[in-house]
1. Once Rh for region C:363-411 is found with the Kirkwood sum over Cα pairs, what is the Stokes-Einstein diffusion coefficient at 4 °C and 1.567 mPa s, in µm²/s?
2. Taking the number of other C-beta atoms within 10 Å as the exposure measure, put C:71, A:252, B:138 in order starting with the fewest.
3. List the lysines whose Cα sits under 16 Å from the Cα of residue C:165, skipping any in the same chain fewer than 8 residues away.
4. Give me C:136, B:245, B:66 sorted ascending by neighbouring Cβ count inside 10 Å, so fewest comes first.
5. P(r) tail for the protein assembly as shown, what percent of Cα pairs lie past 52 Å?
6. In terms of modelled amide H atoms, which long-range or inter-chain residues lie less than 5 Å from the amide H of residue B:271?
7. Just counting partner chain Cβ atoms within 10 Å, what average do the residues of peptide A:79-87 show around their Cβ?
8. Out of A:243, A:224, A:147, whose Cα points farthest toward the positive end of the dipole of region A:3-267 (charges: +1 Lys, Arg; -1 Asp, Glu; placed on Cβ)?
Amino acid sequence: MHAIDFLLLAITASTPLLLAVEGEVVVQRSGIINLGIEGMMLAAAMGSVIAAQLTNRIAFGFAGGIAGAALLGALFGFFAIVLRADQIVTGTAINLLALGITGFIYRELQQSEIFARAVQFRGRNLVVPLAWIAVPIVLAIVLWRTIFGLRLRACGENPEAVTAARASVAGHRWAALGIESILVGIAGAYLALALSSGFAENMTAGRGYIALSIVIFGRWKMKGVLLGTALFGVAAAGQYALQAAGHALPFHLLLAIPYVVTLLILCGIAGRVRAPESLGRA
Amino acid sequence: MRRIVAGVVAAAAAIAVLAFCGLALGHAPAELLRVAIRGSVGSPFALQGTIVKSIPLLLTGLSVAVAFRAGVWNIGAEGQFIVGALAAFVAAPWGLTAALIVSIAAGAVWASIATALRFWRGAPEVLTTILLNFVGLHLLGWAVNGPLQERIAQYPQTDPIPSSAALPRFGLTSLHAGIVIAVVVCIALWIFLERTTEGLRMRATGFNASAAQWAGVNVTLQIAGAMAISGGVAGLAGGIELLGVTHRLFELFAAGYGYSGIAVALLAQLHPIGTLVSALFFGALQTAAGELQRSANISITVATFGQAVVILTIIGFGSFRARD
Amino acid sequence: MILNLAHIRRTFGATVALDDVSLSAGPGEIIGIIGENGAGKTTLMRIIAGEIVPDAGSVAVDGTVGFVHQHFMLVSEFTIAENLALAAGSMHPPVSFERPRRLVRELSVGERSKLELAKAIAGRPRVLILDEPTSVLTPVEAEDLFQTMRLLADSGTCVLLISHKIREVLGVATRTVVMRRGRIVAENLSAEAMARAMVDVPVEPGRSRSNRTASGREADESRLYRPGQIAAIIGVAGNGQVELATRLRDTLARASAAHIPEDRTRDGFVAEMSIAENIALLAGVRGARARAARLIETYGIRASGPEQRAGSLSGGNQQKLLLARELDRNPKIIIAAEPTRGLDFESTRFVHQQLRAAAERGAAIVLITSDLDEAFALADEIRVIYRGRLSEPLTPAEASERAGRLMAGLE
């Protein structure tokens, strides 16, 4: 495989991951851990396929993806922000919920038009440059150069200071979840419509958890997570290349590579990582 | 006793939500309920099935409960279950006892990888245990497609274990001796947590690690210990499922028991004895879902959906409580 | 009048925080508000600042209110500029500070206090409230602050100063008000009269230490603690006291050492567990309930029984629980950090009694405190901690002369 092809593969294949990572950075900067992005992405994948097949328009497919992600995102927000429930347990429940619902819908409608026909994705691919160039720049400006971003980051460090400055902590966290829902929605839609040819059960395969790991590796900054995702993308592309080349390495062990690589990425944090001060605290 | 009320409400809510969804899809809830009860407790056969399904749920539920009470986020019961079963299969030729002990050890070691990464590299165990689940899953896939595959090499599964390693059954039923082991473990963990000083220290670590440390508790040891116990119990669950029920390994062996354990533990409010009841409930949910699939063609995934509803109801209820 | 409060009443659940409080103030006044913890001072200020509303009564403020909180509302990971921007609600706030690109976490406590003040006066408020501002300052920094307050008052601001340090307040205030149990009980009294009004108990003229002889004062002994002695470590908060206490906790054998951590509510006990369970953490579960019942009796802990949740005890009783758990084991060494912080007069006296009694029994006590009165009342020798380093041991007489300079790092 040519080097260029390899790099393109690495970037394209890890684009859904990157979008999820970018969304989670915003949310964690506001002080919340959303373990449920795995489920949100799965719901987005299903939502996008349903919308695209029913309307035959890819644009609506992406809208459907965002809708799917936003539904679960709102549920997560209700429990984490309004009820102040434990965020880790809530996120895990959201993932189970998504698994159950999407699995159920898929099996019920398996024979129908929606899932039996492969999705045809044609047209210009705007998602990759969006994810790798536009989104990081825009998020960096918003988070570090606007008063909205300043307040949002303060919510993750010292929410009391935000309340003392007469701004709403909950409001900023909901906004962060909204941004994440859009990004994860696009991620799930891209995964199902562009990278695959439709929905498959449990198709996200742990991308959400890998995204969470890259957020930590990237120290909650745009540059860091771009690097982390790129590294991961290269490793994942390496896995595909090895598979394609029909190497002697057993297929299933190759499948485990992304997760082992992520574990190594988490180890590469080298001890002292400073998370946003109020992360995870109700 | 409010906890018991919360548990009952959560279970009822799950059933209500499921019934409502059934209604939305054009089924009569009363009919669904009848099929569900028939499938779970309506006959001796169904009852046996429910109990047999409850055993791994009890153990993975205990695994999660112990970890959560120590303040440790072990979401890795799924992977520990698989690794425990793998180890038990490999050790089966040496007999039942050896296989069981090895399954506990393997699960404990698998969980301890996450512990080591946490203390050595600051990697949060909530993520590392989940990632190890995927690694374990693919390890199983490799094993049953490769080195451990059955001799005739037709399906991705192993040969059956030698009959000397199988858990004995009670008469002609499908109930196996794993029930006894699971109940004993349940009681032992209850005694440990509620009646011993070390168990008290583990619980204190879960409530407030900082205060526990000031009170002389070795928090590092407690965390490591909790993870090891948790992993060991989950590994035992896998071993028992292999040696008592399936007798061979195959790709979908784990079937979500590890993640279901979270729902089991939360419904029981992390209490060991409550986990017994909770496991039976979820076991019944599982067999009921199976019957619903057979009779009403409703996908078995409702069980996963039901678990999620239970979890959300429990924590929703819990946080309402916390506010007054 | 810029400030007019009439018949303010405010409850929190069953507790009456403010009960019929009226107060008015005009420009240029510096009003000292004196009272013990729980008197209602902070609640009253929060009502003035508009953070909470009263249940009854009227509040009239002619202008904006600036509030310097007791616990800094700063984001330590942000720069000074970012903190000012956050407070002002704009990326270009109308106030300056020297070298604003520095991270707040690099600032000393005194500089942070200045930053909090800058934040508060950025909007040119007509009323400025300061809540216990000198608890973390050296005497010199405190005097600087008072100068600033005088300048602000001269330019027309009305300054409200909350404090429990009577002497300090008298040095700067134009008017003083004493609060107790949600009411204003007196105005413009003398120092002694104020002290009496504050606590309703006669102030002892000068608490005397019992006659303990130092056991063999070796001239070149540099050890921190000696059996039968109380060694006090004083200093402005944030100079390494917590680190020192934690180091001692980790190095001394837990079986013979007792530790009273500085942050009582977070580190002193497990709130979700019962009194008996908290005691069993150290002493073991066997006989825990009986032991707990005995300790409740001996230490006079106001509780319904050994099964009561530790978190539901009052502050004073929580400290008693902590002492009971630690001292019951007859420890040879006691490390007590801020043991009377936030406690009322009775509880403080009880704690001091216990420490003295332990010393008499031969224990070596290290008392880490920012309360100079407490240190001078109890200690046989005093050291000053500054930026993590300890001074040589001083006698109380030497310390009263040099403490101020040592605490500010001027020696």
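1. Numbers: Rh = 11.0 Å.
Rounded to a whole number, D works out at 117 µm²/s.
2. Details: C:71 10, A:252 19, B:138 22.
With the sparsest Cβ surroundings first, the list reads C:71, A:252, B:138.
3. C:41
4. Details: C:136 21, B:245 16, B:66 32.
Least to most surrounded, the residues fall as B:245, C:136, B:66.
5. Working: 150517 of 516636 pairs.
Above the 52 Å cut-off, the protein assembly as shown has 29 percent of its Cα pairs.
6. Sorted by chain and number, the residues that satisfy this come to none at all.
7. Values: counts 4, 2, 0, 2, 9, 3, 9, 5, 1.
The shielding value for this peptide is 4.
8. A:147
Taken together, the values in this text are just the output of simple stated rules run on the coordinates, not laboratory data. Keep in mind it's a predicted model, so treat the numbers as computed, not measured. Because the Cβ atoms are built from the backbone with ideal geometry, glycine has one as well, and the counts that use them run over all protein chains shown.
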